[in-house]
Amino acid sequence: MLLNALILNTVLSLFILQPNNASQGNESAAAKVQAGQSIMENVFDRFHINYEMSRTHKIGYYKESMSDTQSIYYLADGIVDIYIPSNLNQVENASISPIKTRKKAFKEIKEENLLFGNASDMARSSIWRPNSFLSEKNRDDYVFSYSGDSILNEVEVSVVTFKPSKSNGLATGKIYIDKSSFAILKIDYRPIVHHSKFWSTVSWTEEFQFKKGAYELCNVRFHGVSIENNFQYDAILVMDQLEVLSRLPQDSTFIKENVSLFEKADDEFSESFWEGYDYLKRYLNSEPQWLSKN
């Protein structure tokens, strides 16, 4: 009886001293959330320091395609002027004016299946887009969790993941943050499209660079898959800032969001397209293979 009592006491003491793995997991997750929230507070506090606030004029290269799992249906690209409103104005999208555009249709497609206004939407970063997960009114709808450190383009970054904390959260993703400046250098995210009548999945990537004293959006990639026919849409926008503006130029022809950017595009693809804009091609060297298809 004494031996059984000793064994029982030993087992009980071991059970009491043994860490609770579930409790440890909860504490670890809570610590990651606390660290993530702390990092993001520093990010938000430095928005007005890290990013250009004025209206800017950029020049960009935009390319979009539509395909299925076997072949490409449509391909179009263009050199465009981009006018991005002041980041204090969180209502307007960017204004796009085409400089030169070209397109090819490899199969017959319905016009309503093409993208409209996608370039102007892509030119406005998630940092300032009014319905973004980073906007001041929406931040509380998300949980930000620290998931470790990494190196991005030779820069030390903190990686923070995010997901909705409430039912009205609109996206999940990952943010790469410069450890020294607390500037966002890259965002990978997936909008939640459960109730969409068109998209089954959508993903975005935004990349930022430090230029002329501030960080700016320079490279955006979009991928979407439609519910009907499982069409795949890919788009890329690369931009280079030219100047800060006080107002929009009066002589530019801007494309409305419900009108195709490529309505008056040429149907010839040749190297002469790049004359005067060769520097934009350097952004495309590491992009997916579909970008180089003619």
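The values are calculated or read from the model by the stated rules, or taken from the named source; none is laboratory data. If you're wondering where the values come from, they're calculated on a predicted model, not measured in any experiment. Positions of Cβ are generated from backbone atoms using ideal geometry, with glycine treated the same way; all protein chains shown enter the neighbour counts. Just the protein is used for accessible areas: all its heavy atoms, side chains included, with ligands, DNA and RNA removed. Shrake-Rupley method; radii C 1.70, N 1.55, O 1.52, S 1.80 Å.
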If we keep only residues of region 71-125 that are out of contact with any strand residue (DSSP E or B) (no Cβ under 6 Å at 6 or more places or on another chain) and of a type in the set (Gly, Ala, Ser), then the residue farthest from residue 191 (Cα to Cα) is 71
Flagged in region 125-166 as assigned to a loop (DSSP other than H, G, I, E, B), closer than 17 Å to residue 50 by Cα and not hydrophobic (A, V, I, L, M, F, W, C), in numbering order, are 125, 126, 129, 135, 136
Apart from one, (1) out of contact with any Asp or Glu (no Cβ under 6 Å at 6 or more places or on another chain); (2) assigned to a strand (DSSP E or B); (3) surrounded by 15 or more Cβ atoms within 10 Å (Cβ to Cβ) all hold for residue 102; the odd one out is (1)
**Test result for residue 197, without any contact (Cβ under 8 Å) to a residue 40 or more places away in the chain and within 30 Å of residue 31 (Cα to Cα)** = no
Selection from region 105-121 of residues at pLDDT 85 or above, outside any helix (DSSP H, G or I) and either touching a Lys or Arg at 6+ places or on another chain (Cβ under 8 Å) or of a type in the set (Gly, Ala, Ser) (or both) yields 105
Taking region 74-99 and the residues there that are surrounded by fewer than 20 Cβ atoms within 10 Å (Cβ to Cβ) and at pLDDT 90 or above, the one that is farthest from residue 278 (Cα to Cα) would be 97
Within region 160-177, the residues that are out of contact with any helix residue (DSSP H, G or I) (no Cβ under 7 Å at 6 or more places or on another chain) and either of a type outside the set (A, V, I, L, M, F, W, C) or within 18 Å of residue 38 (Cα to Cα) (or both) are 161, 162, 163, 167, 172, 173, 174, 175, 176
For region 147-165, pairs from a residue that is charged (D, E, K, R) to a residue that is open to solvent by 70 Å² or more (accessible area, probe 1.4 Å), with Cβ under 6 Å and 6 or more apart or across chains, are 156/179
Across region 105-135, the tally of residues that are touching a residue at least 24 places away in the same chain (Cβ under 8 Å) and surrounded by fewer than 18 Cβ atoms within 10 Å (Cβ to Cβ) stands at 12
The residue that is farthest from residue 95 (Cα to Cα), considering only those in region 256-276 that are touching a Phe, Trp or Tyr at 6+ places or on another chain (Cβ under 9 Å) and surrounded by 10 or more Cβ atoms within 10 Å (Cβ to Cβ), is 266
Checked pairs for region 44-58, first basic (Lys, Arg), second part of a strand (DSSP E or B) and modelled with pLDDT under 90, C-beta under 8 Å and 6 or more apart or across chains, list as 55/84; 55/244; 55/245; 58/84; 58/240; 58/241; 58/242
Residue pairs qualifying under the 8 Å Cβ cut-off, at least six apart or on distinct chains, with the first in region 63-85 being within 16 Å of residue 268 (Cβ to Cβ) and the second being of a type in the set (Phe, Trp, Tyr) and part of a strand (DSSP E or B), are 77/61; 77/62; 78/61; 78/62; 79/61
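Does at least one position in region 43-65 carry a residue that is touching a strand residue (DSSP E or B) at 6+ places or on another chain (Cβ under 8 Å) and in a helix (DSSP H, G or I)? Quick ask: steps written out before the conclusion?
So in region 43-65, the residues touching a strand residue (DSSP E or B) at 6+ places or on another chain (Cβ under 8 Å) come out as 43, 50-52, 54-65.
So of that shortlist, the ones also in a helix (DSSP H, G or I) come out as 43, 50.
Scanning region 43-65 turns up at least one residue that is touching a strand residue (DSSP E or B) at 6+ places or on another chain (Cβ under 8 Å) and in a helix (DSSP H, G or I).
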